[in-house]
1. Taking only segment 103-117 into account, find how many residues are touching a Phe, Trp or Tyr at 6+ places or on another chain (Cβ under 7 Å) and not in a loop (DSSP other than H, G, I, E, B).
2. Which pairs do you get when a residue that is surrounded by fewer than 16 Cβ atoms within 10 Å (Cβ to Cβ), found in segment 119-132, comes within reach of a residue that is not in a strand (DSSP E or B), reach meaning Cβ atoms under 6 angstrom, with the pair 6+ apart or on two chains?
3. For residues in segment 122-141 being within 13 Å of residue 102 (Cα to Cα) and among the polar types (S, T, N, Q), which is modelled with the lowest pLDDT?
4. Could you tell me which of the residues 93, 111, 64, 51 is of a type in the set (Ser, Thr, Tyr) and either surrounded by 12 or more Cβ atoms within 10 Å (Cβ to Cβ) or more than 27 Å from the chain's Cα centre (by Cα) (or both)?
5. Looking at 60, 91, 148, which one is in a loop (DSSP other than H, G, I, E, B), in contact with a helix residue (DSSP H, G or I) (Cβ under 9 Å, 6 or more places away or on another chain) and of a type in the set (Ser, Thr, Tyr)?
6. Looking at the structure I just gave you, is residue 33 modelled with pLDDT of 75 or more and surrounded by 10 or more Cβ atoms within 10 Å (Cβ to Cβ)?
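The values are calculated or read from the model by the stated rules, or taken from the named source; none is laboratory data. These figures come from a predicted structure and were not determined experimentally. All Cβ positions, even for glycine, are placed from backbone atoms using ideal geometry, and neighbour counts span all protein chains on display.
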Amino acid sequence: MAITATVTRGFTFATGVDVTAASLNQLGTPTVAISEGNVNITGGTISGLSSPIAIADGGTAATSVGAARTALGVGTLGTQASNAIAVTGGTISGTIMTLKSYAVSGVPSASPAGQMIYVTDGNSGAATVAVSDGSNWKVVALGATIST
């Protein structure tokens, strides 16, 4: 296959002329523009594309990081800050959940209802889990220690 290459110094190799490393080195550092429809690239770096790579060609067809995430199905969960995760559906499983720890003197607002916290001194001075009813924190009875 013949390739037309335009070099930064304005020299154009004619169609059908073999372009070799030696001939390019004589002209200095080249920038090559390939005007063929199907080119296989087996190494190096691709940059300066004027349009996105199509999904059918292994790209995302996107022109921004956000659009690429959407095209890949990552959505907003892939970009959430680790200190502000909101799970709005599905289930959480296969992991140990650690509740934020508070002393009674520093518990947050009980609103909205359904929040859970660990209180180091919330059950007459003993540690407990508490659940919010929207107005107050309610002690969760922990029961006996597990044993084998």
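1. Number of matching residues: 1.
2. Here the result reads 120/103; 121/103; 121/104, each pair linking segment 119-132 to a residue that is not in a strand (DSSP E or B).
3. Among them, the one singled out is 123.
4. Exactly one residue qualifies, and that residue is 111.
5. 60
6. Taking the combined requirement at face value, the residue does not satisfy it.
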